[in-house]
Amino acid sequence: MNKKALTLTVVANMTSNYGEGLGNISSVQKVFKNGKSYATRSRESLKNAIMVQSGMYDDLQTSVDKATQKFVSEDLNATNCRALEGGYMNTTGNTYIRKSSFYLTDAIACDHFINETRFHNNLYIASNFAKKNKLNLQNKGDAGKCGLMPYQYEYDKTMKMYSITIDLEMIGKDKNFDTVEAEDKEKADRVISILDTIEMLNLVVKGNLDNAEPLFVVGGLTDRKTHYFENVVKVEKEKLSNIKVLKERASKGCKVALLEVGGFKNEAEIIKELKPISVYEFFEDLRTQVNKHYGV
């Protein structure tokens, strides 16, 4: 079987994006389905976090020509610039478009949203300003001069599921330019850097560090360029369902991994039916397969 892609579906505890704010109130982004609202972290947010943490954006160059965009040229393109592996559109002179070689879905909460509002203020720094300027925060006028501001935001950190699929045939190539594609070692390193980041993913939201490492992950190298497990991984009330269907799909050359920390209420059933390996072992095996795929 010709392996054309690498696909993963991940379940992880993570926070959500924040959408439009109203005054000093911030609301998490949500999607509406099955008659209920579900908190979400957008695919754009996930992709940016992966590109930054993996080091793929270390060689990013940008240009401003009416629009701020990734710099692209005959000498700097996806074959020799990792930052362009995630796709680009450059309209400086001729318009060049290259699609991303990997695709993500939104990370959507497994259970519907239940509002938890958190209240904060900047009392300490406002008090510091008031003290130095001999103002009184109990005085309404002085409070305004000191910038005293209460604020609130919705908080959400729940199990979310997302999928990522990497087109192994597209890595290190750029059809917009007549240049030699990246070497096989470079191709493998790019894919592995993405895998390393997913394994240890962390996100920063509202100034807080959020551990978003996988609690459960299924996937591997396949001949289909699609989110192969997106429709069969289902989690409700911290229980993994559709285990029979998931087992059938995973038996076709893919593997299942579980972080055995009691994150799922039916963990014993998952272990018995799916016989998962550890998350560490899962990603180690993937790294070996990627190197083998590219002949490294």
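The table below lists the values:
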read-out	value
Residue identified as over 22 Å from Asn202 (Cα atoms), surrounded by 11 or more Cβ atoms within 10 Å (Cβ to Cβ), at pLDDT 85 or above and of a type outside the set (Phe, Trp, Tyr) among Thr79, Thr62, Thr68, Thr40	Thr79
Test: residue in region 123-133 that is closer than 30 Å to Ile50 by Cβ, in contact (Cβ under 8 Å) with a residue 24 or more places away in the chain and more than 19 Å from the chain's Cα centre (by Cα)	no
Any hit, region 124-140, residues being among the polar types (S, T, N, Q), over 20 Å from Ile198 (Cβ atoms), part of a helix (DSSP H, G or I) and in contact with a Leu (Cβ under 9 Å, 6 or more places away or on another chain)	yes
Residue in region 17-37 that is modelled with the lowest pLDDT, counting only those that are within 22 Å of Thr165 (Cβ to Cβ) and surrounded by 13 or more Cβ atoms within 10 Å (Cβ to Cβ)	Asn17
Selection count where residues are under 14 Å from the mean Cα position of the chain (by Cα) and either over 19 Å from Asp210 (Cβ atoms) or β-branched (Val, Ile, Thr) (or both), scope region 151-173	4
Selection from region 266-285 of residues that are assigned to a loop (DSSP other than H, G, I, E, B) and at negative phi	Asn266, Pro276, Ser278
Listing of strands (runs of 3 or more DSSP E) fully contained in region 22-105 that carry 2 or more residues being out of contact with any helix residue (DSSP H, G or I) (no Cβ under 8 Å at 6 or more places or on another chain)	30-33, 36-41, 62-65, 67-70, 88-90, 96-98
Selected residue [over 20 Å from Lys47 (Cβ atoms) and modelled with pLDDT of 95 or more] from Val218, Val180	Val218
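The values are calculated or read from the model by the stated rules, or taken from the named source; none is laboratory data. Note that the structure is predicted; figures quoted are calculated from it, not measured. Every residue, glycine as well, gets a Cβ built from its backbone with ideal geometry; the counts of neighbours run over all protein chains shown.
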